[in-house]
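Below: the structure, in structure tokens.
The values are calculated or read from the model by the stated rules, or taken from the named source; none is laboratory data. These numbers come from a predicted model, not from an experiment. Please note: Cβ atoms are built from the backbone with ideal geometry, for glycine as well, and neighbour counts cover all protein chains shown.
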């Protein structure tokens, strides 16, 4: 289950990509950038959510 420590960073990378996509759509003025910003916020939220639970599970494993 060590791979779960690293999958949280996939969400962070996806959030950065969506922020970049949102700003590029905002500057071009052709598409709606709001969906990209919503997806970026969700991805960044998931990063912190996964990080919190990874720490919680590490603490449980250390207590056993």
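Okay, here's what the table says:
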| read-out | value |
| --- | --- |
| Close pairs (7 angstrom Cβ cut-off, 6 or more residues apart or separate chains): over 14 Å from residue 41 (Cβ atoms) in the range 13-29, exposed (fewer than 14 other Cβ atoms within 10 Å of the Cβ) anywhere | 25/31 |
| Matching entry among 53, 45 (being modelled with pLDDT of 95 or more and part of a helix (DSSP H, G or I)) | 45 |
| Residue selected from the range 8-35 under the condition under 22 Å from residue 49 (Cα atoms) and in contact with a helix residue (DSSP H, G or I) (Cβ under 7 Å, 6 or more places away or on another chain), by the criterion surrounded by the most Cβ atoms within 10 Å (Cβ to Cβ) | 18 |
